[in-house]
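This report refers to the structure that appears directly beneath it.
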Amino acid sequence: MDKRNLFRLALLLAVAGAFAWKRFAAAPAAARGAPAAAAIPTNAREFTLGTLAFKACELPQKKSGATTAAFCAPFSVPENPDDPASRRIDLHLALIKSDAERADSDIVVFLAGGPGQAAVETYPQIAAALAPLRRHHHILLLDQRGTGQSHPLDCEAAKDDEKNGTRAGETDSGIDTAKLRETTSKCLAEIEKKADPRQYTTTVATRDLEDLRVALGAPQFDLVGVSYGTRMAQQYLMRHPAGVRSVVLDSVAPNELVFGQEFAQNLDSALKAQFALCSKNAACAKAFGDSWASLGKLRDALRAQPQNVTLRDPVTFKPDELRLSANRFAGLVRMFAYSPETAALLPLSIAEGLKGNYAPLAGQTQLLQDDMSGAMNGGMQASVICSEDADLLKPDPNDANTLLDSSSLTDAIAAMCAVWPHGATPADFHAPLKSDKPILVLEGELDPVTPPRYGEQVMQGLSNAKLIVARGQGHNVIGRGCIPKLVDEFVEKLNPKMLDAKCVDALGPVPALVDFNGASP
């Protein structure tokens, strides 16, 4: 993921894992007491919902010849919703049709993470988790404005940085803010030829979603937000409560949260908890001792002497060189911590690094960055962070001894947002969510970005909600174990407090690898 552009300051991994769900014939909506939408024949190639004409289309899957069968419809909105005469922008809209000929009238809406990810592109990663919902519901995918194929805020300056494997202004010791401002200015000049960056915020995107709902004939939405998508879900619910039937918040970012403010402390807490699991295992403890202390030693060594690591690209097999500094190493470890599968590699990878073998770390980095390359739109991310968070982001003295150099992050955001235009946000944008709507909150016990306490924080304002914490799991848990089944039951019955979540207890952490053959028996 070090093929990042200057804006990828809040990088989040997409959904990890999938739930193998056996498909059953869908009972008619009327038989279940649910309102039904108009019937759509199973073999239909086109149909109309509200004023939108959908036609069969195929959605490409990244680095695959496979495609996802869907139905697409043209949908455009004014760039400035307060000025109907402003330039119109096309938004990429796709619908994954329900398995039922007569689906329920409410529609499931997937809200992608980031900020900067596109719902259509990331859908294959969450498709298995949403499969149970498709038995009775259509699934709606709308690339948020500025992402994917919805008038993306792309710039060539950022792509040049990606080719060089660095962020603009990145140095071994931190961020060159002057260089970052220069690159941001070039990027802005390019984007302003085709877009007004002030109009690519969460607030404006919620208006797009409401316009879409109206165009569809005003059905109610079942919102499924993941990571940054939970901010979108909460903001839409606050502005358009009548349009919401239910909400799933996976790895929730509370409205009060300032993106970037708690990254450093959250990562340290998750790593200490993950390494504590290794210490409790005799074989792991014998092999690696105190992995937290080893992590600090390796960071200090890289701070004193950054390393150039040569390895082959996992896709092209061409030799490639990676500059591994202390800051890049910290970002790398953060990526590893997102999922239990990659977190299980950390003790071994750190131990190998202390021996001078950086290949395990660098090799996994190549795979992770390859998976994420192009998944985030940096311009849209800048519009969101500069408009909604930058003015509130403050240096925290408590971060001085954390793994992440939070001062570099704060300096980078300040430099970028000194140049980037700021859109308007409502006065209550960061107010806690208060709602009596049915809401299911999902958290991973070891999430390094949105820890379980965020779920507990959001629950304080909810009167009809349930929090499920998945033991041993990281960021994005909707696809883990029995959780897809629970989400389906929640959306079906709208009774979160009665949801029996005992099956989630079967989940747990992935044992740390003690060598390259795997974990201890």
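The values are calculated or read from the model by the stated rules, or taken from the named source; none is laboratory data. Keep in mind it's a predicted model, so treat the numbers as computed, not measured. With ideal geometry, Cβ positions are generated from the backbone for all residues, glycine too; neighbour counts draw on all protein chains shown. For accessibility, only protein heavy atoms count, side chains too; no ligands or nucleic acids. Shrake-Rupley method; radii C 1.70, N 1.55, O 1.52, S 1.80 Å.
By accessible area, using a 1.4 Å probe on protein heavy atoms only, region 418-459 has 53% of its surface on carbon and sulfur. Given their separation in residues at 0.36 nm each and the Cα-Cα distance between them, A424 and K394 gain 8.8 nm when the chain is fully extended. Measuring nothing but how far apart in sequence close Cα pairs (under 8 Å, 6+ apart) lie, relative to its length, region 399-478 scores a relative contact order of 29 percent.
The peptide list 378-389, 507-518, 268-279, put in order of mean Cβ contacts within 10 Å with the highest first, becomes 378-389, 268-279, 507-518.
Here the scattering of the chain is modelled by Debye summation over its C-alpha atoms, one equal scatterer each and no solvent; at q = 0.07, 0.08, 0.09 Å⁻¹ the log10 of I(q)/I(0) is -0.38, -0.49, -0.63.
Start at zero, step by 5 Å, and the Cα-Cα distances of region 398-521 spread as 2, 9, 13, 13, 15, 14, 12, 10, 8, 3, 1, 0 percent across the bins.
Evaluating 6.51 cos²θ - 1.76 cosθ + 1.60 at θ = phi - 60° for every residue in region 182-199, the Karplus couplings come out as 5, 5, 4, 4, 5, 5, 4, 4, 5, 5, 5, 6, 10, 7, 9, x, 5, 9 Hz, glycine and proline recorded as x. The packing ranking of peptides 42-51, 489-498, highest mean first, is 489-498, 42-51, where packing means the average number of other beta carbon atoms within 10 angstrom of each residue. Does anything in region 209-234 have its amide N under 15 Å from the 7 Å Cα→Cβ label point of T48, and if so which residues? Only 215-218 pass the distance filter. Sorting 252-263, 422-433 by average packing, meaning the other beta carbons within 10 Å per residue, from highest down gives 252-263, 422-433. Here's how it looks for V514: its modeled amide H is under 5 Å from those of A519, S520, which are all 5 or more places away or on a different chain. Shown for region 464-521: the carbon plus sulfur share of the solvent-accessible area, taken with all protein chains present and a 1.4 angstrom probe, equals 54%.
Relative to the longest principal axis of the Cα atoms of the chain, helix 291-304 runs at roughly 70 degrees.
For region 44-58, backbone phi angles converted through the Karplus equation (6.51, -1.76, 1.60; θ = phi - 60°) give residue-by-residue couplings of 4, 9, 7, 6, 10, 10, x, 9, 9, 9, 9, 10, 4, 8, 10 Hz, Gly and Pro being listed as x. Put simply, the convex hull of the Cα atoms in region 344-457 casts, on average, a shadow of 10.7 nm².
What percent do you get for the relative contact order of the chain when only Cα pairs under 8 Å and 6+ apart count?
Rounded, it is 20 percent for the chain.
Adding -39500 (n - 2.57) for every DSSP H run of four residues or longer, then dividing by how many residues the chain holds, sets the calculated 222 nm ellipticity at -10500 deg cm²/dmol. Residues whose amide H lies under 5 Å from that of N255, counting only those 5 or more places away or on a different chain, are L433; hydrogens are built 1.01 Å from N in the peptide plane. Under the shape rule built on the C-alpha gyration tensor, where the axes satisfy a ≥ b ≥ c, region 175-285 is oblate, since a/c reaches at least 1.5 while a/b does not exceed b/c. Candidates A129, A343, F288 compared by Cα position along the dipole of the chain: farthest toward the positive end lies A129, with charges placed on Cβ. Working note: Karplus 6.51/-1.76/1.60 with θ = phi - 60° gives region 421-430 the couplings x, 10, x, 7, 10, x, 4, 9, 4, 9 Hz, where Gly and Pro are set to x.
In the full protein context, region 440-500 carries 34 Å² of accessible surface per residue, based on a 1.4 Å probe and ignoring ligands, DNA and RNA. Database remark: amide H of C57 closer than 5 angstrom to the amide H of A70, F71, C72 (H placed geometrically; neighbours at sequence offset of 5 or more, or on other chains; Pro and chain starts carry no H). Relative to the longest principal axis of the Cα atoms of the chain, the long axis of helix 326-336 makes an angle of roughly 40 degrees. Which links in K466/K502; K437/K497; K272/K394; K63/K186; K434/K497; K437/K493 stretch past 19 Å when you go from one Cα to the other? Long pairs (Cα-Cα over 19 Å): K272/K394; K63/K186.
The angle between the Cα long axis of helix 483-493 and the main principal axis of the chain comes to about 30°, on a 0 to 90 degree scale. Taking a straight line from the alpha carbon of K62, these lysines sit under 22 Å away, with near neighbours fewer than eight places off in the same chain left out: K3, K97, K159, K163, K318. For region 250-401, divide the Cα radius of gyration by the Kirkwood radius and give the resulting Rg/Rh value with two decimals. Taking Rg over the Kirkwood Rh, I get 0.99. The share of accessible area on region 237-282 that comes from carbon and sulfur is 57 percent, using a 1.4 angstrom probe.
Note that region 184-306 presents 35 Å² accessible area per residue, ligands and nucleic acids not counted, probe 1.4 Å.
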